[in-house]
Amino acid sequence: MDIKDIIKPENLVYAKPRLMNDNPMHYCPGCSHGVVHKLAAEVIDEMGMEDKTIGVAPVGCAVFAYNYIDIDWQEAAHGRAPAIATAIKRLNPDKMVFTYQGDGDLAAIGTAETIHACNRGENIVIIFINNGIYGMTGGQMAPTTLEGMKTATCPHGRSTELYGYPLKISDLIAQLDGACYVTRQSVQTAAAVKKAKKALRKAFENSMAKKGTSVVEIVSSCNTGWKMNPVAANQWMAEHMFAKYPLGDLKDI
């Protein structure tokens with residue numbers, strides 16, 4: 001076999017997804033965003049939906065998602081991605097529409113849009129990156145920040161007396177009749193990556209089958225915001241984040 005045949009993507013065990021562009025990613029080393037981008041690109045490609053998929057990128061670390069996955073994208077104001085996705089899907093019901101949002105975008109400024117889109121049962125997918133912090137703007141406290149967790153705006157640790165409790169928004173969404181599939185996954189190990197990809201595939205298939213809203217939460221690390229190296233951040237996430245945000249399906253109808 002010629003070397004050119006050997007290095008073809010279809011002959012490689014591990015290769016960059018076909019839909020991923022060659023643009024260098026702006027994410028910090030060790031960030032989970034790149035892994036989730038890769039999984040989304042693989043699923044869209046494997047479903048043969050690259051020409052029928054529209055992603056909605058919000059404000060946050062993922063604001064430049066359109067630079068990396070070669071599909072159609074729409075930019076949304078901070079927190080408004082589910083509302084934009086609702087309009088796109090209703091006007092183009094044959095399209096596969098998803099949002100890609102962080103915890104500050106989805107669970108703070110965008111709480112209303114998130115809750116009501118899920119309650120209406122819009123046939124969209126919401127990919128929710130939960131790293132417990134505002135990563136892009138300097139590491140401030142987010143709704144998902146853990147009790148006692150230190151951030152730029154609560155340097156002594158989150159106090160529930162002052163700031164309330166961490167918001168488990170996926171658990172709230174799971175109670176809504178319009179939400180057909182709500183799952184919480186992670187991507188810090190090879191096994192976790194496989195489960196996350198399976199969850200994304202199921203969510204995208206649900207949206208095309210008009211079952212309602214699917215939410216895939218990815219519990220992630222932010223080693224820069226947490227001021228840890230990537231290995232330590234993944235260990236801290238497994239030891240602390242998973243206790244508050246346990247992995248697995250929250251709802252599947």
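Things to note:
- The number of residues in region 79-113 being touching a Gly at 6+ places or on another chain (Cβ under 8 Å), of a type in the set (S, T, N, Q) and part of a helix (DSSP H, G or I) comes to 1.
- Residue list for region 121-164, filter: closer than 16 Å to Ser221 by Cβ and among the hydrophobic types (A, V, I, L, M, F, W, C): Phe128, Ile129, Ile133, Met136, Ala142, Leu146, Met149
- Answer residue from region 167-183, given it is of a type in the set (D, E, K, R) and part of a loop (DSSP other than H, G, I, E, B) and is nearest to the chain's Cα centre (by Cα) among those: Lys168
- Between Lys194, Lys202, Lys198, Lys150, the distinction of being part of a helix (DSSP H, G or I) and within 20 Å of Cys31 (Cα to Cα) belongs to Lys194 only.
Residue-wise test of (1) within 15 Å of the chain's Cα centre (by Cα); (2) surrounded by fewer than 24 Cβ atoms within 10 Å (Cβ to Cβ); (3) modelled with pLDDT under 95.
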{"site": "Gly104", "(1), (2), (3)": "yes, no, yes"}
{"site": "Ile109", "(1), (2), (3)": "no, yes, yes"}
{"site": "Ala117", "(1), (2), (3)": "no, no, no"}
{"site": "Arg120", "(1), (2), (3)": "no, yes, no"}
{"site": "Ala142", "(1), (2), (3)": "no, no, yes"}
{"site": "Tyr165", "(1), (2), (3)": "no, yes, no"}
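- Residue selected from region 195-233 under the condition of a type in the set (Gly, Ala, Ser) and surrounded by fewer than 16 Cβ atoms within 10 Å (Cβ to Cβ), by the criterion nearest to Val43 (Cα to Cα): Ala209
- Close pairs (7 angstrom Cβ cut-off, 6 or more residues apart or separate chains): closer than 18 Å to Val63 by Cα in region 135-154, part of a loop (DSSP other than H, G, I, E, B) and of a type outside the set (A, V, I, L, M, F, W, C) anywhere: Met136/Gly60; Gly139/Thr151; Gln140/Thr151; Gln140/Thr153; Ala142/Gly132
- Residues that are within 18 Å of the chain's Cα centre (by Cα) and either assigned to a helix (DSSP H, G or I) or crowded, with 17+ Cβ neighbours inside 10 Å (or both) within region 234-246 comprise Asn234, Met237, Ala238, Met241, Phe242, Lys244, Tyr245, listed in sequence order.
The values are calculated or read from the model by the stated rules, or taken from the named source; none is laboratory data. Predicted model only: the values in this text are computed from it and were never measured. Ideal geometry is used to build each Cβ from the backbone, glycine not excepted, and the neighbour counts take in all protein chains shown.
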